[in-house]
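Participant: I'd like to ask some things about the structure below.
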Amino acid sequence: MIVIKGIAASPGIAIGKAYVVDDEDIVVERVEIGRERLRDEVRRFKAAQKATHRDLDAAEQKVLKVLGKQHAKLIDAHRLILKDTLITRDVPKRILDEGVNAEFALSESLEAVNRQFEKMDDEFFRERRHDLFDVGKRLLLHLMKRQKRNLAEIEQECVLISRNLLPSDTLGLKDTKILGFATDLGGKTSHTAILAQSLEIPAVVGLSDVSRRVKTGDTIILDGEQGMVIIAPGPETVAKYEKVQQRTMAEERQLEALRGLPTVTQDGRGFRLEANLDSPEELKSLQALQPDGIGLFRTEYLFLNRSDPPGEEEQAKAYAAVVKALDGREVVIRTADIGGDRLSMLGIEGPKNETNPFMGLRGVRLFLRHLDLFKVQLRAILRASTKGKVRVMIPMVSSVGEVVAARRLLEQAAAELAAEGVELKEDLELGIMIEIPAAAIQLDSFLPHVDFVSIGTNDLIQYVLAVDRINENVTHLYDPFHPAVVRLLEHVVRTAHAKGKWVGVCGEMTSDPRAVPLLVGMGVDAMSVSPRMFLRVKQTIRSLKHEAMKKLVIKAVVCSESDEIRRLLEQSA
Ligand code: PEP
Ligand code: MG
């Protein structure tokens, strides 16, 4: 039995026989082309470009059908690559200058760009090279008149093992016999990982050499929660994982019964349980959970994978669709938190070459540098607010001046719209995310300027503990139960309540049933949970006694080690 650790890209467990697909490393030969035939060679390349455009049109239809509009932006990104001068100008130039075949000229150009990508520190941008290769491979297959591998033709259930899986391959996994996949390459923010999550296919990436260590037919356990692959597990291990799988399935069936029931503790304290929304396409499954509202609508996904920012009309439509679907329940729309690991391709000056992007031009900092973008989004949110119940929330706030500036811009936007004849309701409530320690420590100074706050534990933990939230080397130090984190959370809730202000929590800590008792004990006003964990968290809250959790928090805030806090939680369970 061999255990290989990689990066957990998409949750779930898959157990089955391995199906190793070779990387289809296409061997490209260098062929000298006589001068008189060089123009024909360029024409042949242009025909392949056209055929690839047609491929992308077909792929777009498929994405629209399977995943919806949001993911179709990936195809736009591929179109942009295909139109890039690297393809349209450099390859023909190389054919003519070097007198070589189109396949060779293309692979040389791709290799040159790959070398540039490899030098990039930023993981998000490094990962984008897979998109480049995806397009490059389509072109090569057309030039060589070869067919792209069709994973839908695999007839037996299997766990797919591959050196790499391109985003377009991943897209083809929907409704196939593939139970999950593991790859040598890839990172958590790659499109492949994002697509796997949306398709609910367990995946582990970044496993270095899994494709060489596994043979087709080997038994494999793929653990998408732990980011682990077990090759040739013994019968006991298989039995253990099968049990976990069955337990998860049985639990999920039980949880179904909780839909629509109130989120109330054993001793009668009700909590608002909301859901986080990452893109409008997830709306349908989210609605089925019947949340009390959306506590965090991460709008930045509208800004990624495209070269022009979304306009006011497009944004207003996207937000209004969500607001209408919630039918009177509240939607907290967060202005785009671009930056950090979510770099856009918008060509915005600033965040691209940062050595420490999580500390860089991100969230409100970026928008205050680009007031035009900020204003357009605020106008779109205001317009959507006429369709239902909306609040606006500003991410990555570290100084009062930022809130004052954001509020001023919101007021300006509202006045403009009113002058244009748009009938707005009463003032839109404006809140901030508490995710930078400065805002948490100095909360009393912020409170007069805001209508509500929502704690973003994902960032708050990384900044309190100086632990990069996506750095595998320090994952073990990323600890929601660290006494400094627990004390700061309690301080925020107490300080906000003392001034009568509403406090929500929307980071992943709300989705961790082990941590939820602390939030219940602190008496937060709302928890916004990732949809995948929504019913499980509801179940946890319904099993707790609020009074007992209040006492637990009193003990937790004087603990000096996270293990003590964990023990308190275990004892109370
Ligand atoms: C957070 O930081 O906890 C949060 C909810 O924001 P995001 O994860 O989008 O940074
Ligand atoms: Mg955050």
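Participant: Could you check how many residues of the range 25-45 are surrounded by fewer than 14 Cβ atoms within 10 Å (Cβ to Cβ) and either touching a Pro at 6+ places or on another chain (Cβ under 6 Å) or not hydrophobic (A, V, I, L, M, F, W, C) (or both)?
Facilitator: Kept after step one, since they are surrounded by fewer than 14 Cβ atoms within 10 Å (Cβ to Cβ), are these residues of the range 25-45: 25, 27, 29-32, 34-37, 39-40, 43.
Narrowing further to those that are either touching a Pro at 6+ places or on another chain (Cβ under 6 Å) or not hydrophobic (A, V, I, L, M, F, W, C) (or both): 25, 29-30, 32, 34-37, 39-40, 43.
Count: 11.
Participant: Restricting to the range 52-93, what's the tally of residues that are modelled with pLDDT of 80 or more, among the β-branched types (Val, Ile, Thr) and open to solvent by less than 20 Å² (accessible area, probe 1.4 Å)?
Facilitator: So the count comes out to 4.
Participant: Next question, about the same structure. With the requirement that a residue be buried (at least 22 other Cβ atoms within 10 Å of the Cβ) and part of a loop (DSSP other than H, G, I, E, B), what does the range 518-532 give you?
Facilitator: Going residue by residue through the range 518-532, those that are buried (at least 22 other Cβ atoms within 10 Å of the Cβ) are 518-522, 524, 526-529.
Once the filter is applied, which keeps residues that are buried (at least 22 other Cβ atoms within 10 Å of the Cβ) and part of a loop (DSSP other than H, G, I, E, B), the range 518-532 yields only Val524.
Participant: While we're here: Could you list, in sequence order, all residues of the range 491-517 that are assigned to a helix (DSSP H, G or I) and buried (at least 19 other Cβ atoms within 10 Å of the Cβ)? If you could, list the steps in order and put the result at the bottom.
Facilitator: Restricting attention to the range 491-517, the residues satisfying the condition of being assigned to a helix (DSSP H, G or I) are 491-498, 508-511, 516-517.
The answer is Val492, Val493, Thr495, Ala496, Met509, Thr510, Ser511, Val516, Pro517.
This table checks each residue for (1) touching a Lys or Arg at 6+ places or on another chain (Cβ under 8 Å); (2) farther than 18 Å from Arg128 by Cβ.
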residue	(1), (2)
Val42	no, yes
Val66	yes, yes
His71	no, no
Arg79	no, no
Asp84	no, no
Glu98	no, yes
Ala105	yes, yes
Glu111	no, no
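Participant: Of the residues Asn101, Asn114, only one is more than 14 Å from Ser168 (Cα to Cα) and buried (at least 18 other Cβ atoms within 10 Å of the Cβ); which?
Facilitator: Working: Asn114 fails: buried (at least 18 other Cβ atoms within 10 Å of the Cβ).
Criteria check complete, one pass: Asn101.
Participant: When residues of the range 94-133 are filtered for being at pLDDT 90 or above and touching a Ser or Thr at 6+ places or on another chain (Cβ under 9 Å), how many remain?
Facilitator: Adding up the residues that qualify gives 1.
Participant: OK, next. Could you please give the count of residues in the range 100-122 that are acidic (Asp, Glu), more than 25 Å from the chain's Cα centre (by Cα) and more than 14 Å from Arg89 (Cα to Cα)? Give the steps one after another, and end with the answer.
Facilitator: Of all residues in the range 100-122, those acidic (Asp, Glu) come to 103, 108, 111, 118, 121-122.
Filter once more, keeping what is more than 25 Å from the chain's Cα centre (by Cα): 103, 108, 111.
Going one step further and asking which of them are more than 14 Å from Arg89 (Cα to Cα), we end up with 103, 111.
Summing the residues that are acidic (Asp, Glu), more than 25 Å from the chain's Cα centre (by Cα) and more than 14 Å from Arg89 (Cα to Cα) in the range 100-122 gives 2.
Participant: Next up: Can you confirm whether Pro480 is under 30 Å from Ala9 (Cβ atoms), within 13 Å of ligand 1 (Cβ to nearest atom) and touching a helix residue (DSSP H, G or I) at 6+ places or on another chain (Cβ under 6 Å)? First the steps, then the outcome.
Facilitator: Numbers: under 30 Å from Ala9 (Cβ atoms): yes; within 13 Å of ligand 1 (Cβ to nearest atom): yes; touching a helix residue (DSSP H, G or I) at 6+ places or on another chain (Cβ under 6 Å): yes.
The answer is yes for Pro480.
Participant: Now a separate question. Of all residues in the range 455-485 being in contact with a Pro (Cβ under 9 Å, 6 or more places away or on another chain) and not hydrophobic (A, V, I, L, M, F, W, C), which is surrounded by the most Cβ atoms within 10 Å (Cβ to Cβ)?
Facilitator: The qualifying residue surrounded by the most Cβ atoms within 10 Å (Cβ to Cβ) is Gly456.
Participant: Residue pairs, Cβ under 8 Å, 6 or more apart or interchain, first in the range 335-346 and under 27 Å from Glu429 (Cβ atoms), second within 11 Å of ligand 1 (Cβ to nearest atom) and at pLDDT below 80. List them.
Facilitator: Pairs found: none.
Participant: State yes or no: is Leu326 modelled with pLDDT of 90 or more and surrounded by 18 or more Cβ atoms within 10 Å (Cβ to Cβ)? Lay out the reasoning, then the answer.
Facilitator: Numbers: modelled with pLDDT of 90 or more: yes; surrounded by 18 or more Cβ atoms within 10 Å (Cβ to Cβ): yes.
Considered against the rule, which asks whether it is modelled with pLDDT of 90 or more and surrounded by 18 or more Cβ atoms within 10 Å (Cβ to Cβ), Leu326 comes out as yes.
Participant: Restricting attention to the range 419-451, report how many residues are more than 16 Å from ligand 2 (Cβ to nearest atom) and open to solvent by less than 10 Å² (accessible area, probe 1.4 Å).
Facilitator: Going through the range 419-451 one residue at a time, the tally reaches 5.
Participant: Also, I was wondering about something else. Please find, within the range 295-325, the residue that is nearest to ligand 1 (Cβ to nearest atom) out of those that are under 17 Å from the mean Cα position of the chain (by Cα) and among the aliphatic types (A, V, I, L, M). Even if it seems obvious, please write down each step before you answer.
Facilitator: Keep residues of the range 295-325 that are under 17 Å from the mean Cα position of the chain (by Cα), which gives 295-306.
Add one more test, that the residue is among the aliphatic types (A, V, I, L, M), and what stays is 296, 302, 304.
Details: Leu296: 6, Leu302: 14, Leu304: 13 Å.
Among those residues, the one meeting the criterion is Leu296.
The values are calculated or read from the model by the stated rules, or taken from the named source; none is laboratory data. The structure presented is a predicted model; accordingly, all values stated were derived computationally and were not measured. Heads up, the Cβs are rebuilt from the backbone with ideal geometry, glycines too, and the neighbour counts pull from every protein chain shown. When the accessible area is computed, the model is the full protein with side chains, heavy atoms only, and any ligands, DNA or RNA have been set aside. Shrake-Rupley method; radii C 1.70, N 1.55, O 1.52, S 1.80 Å.
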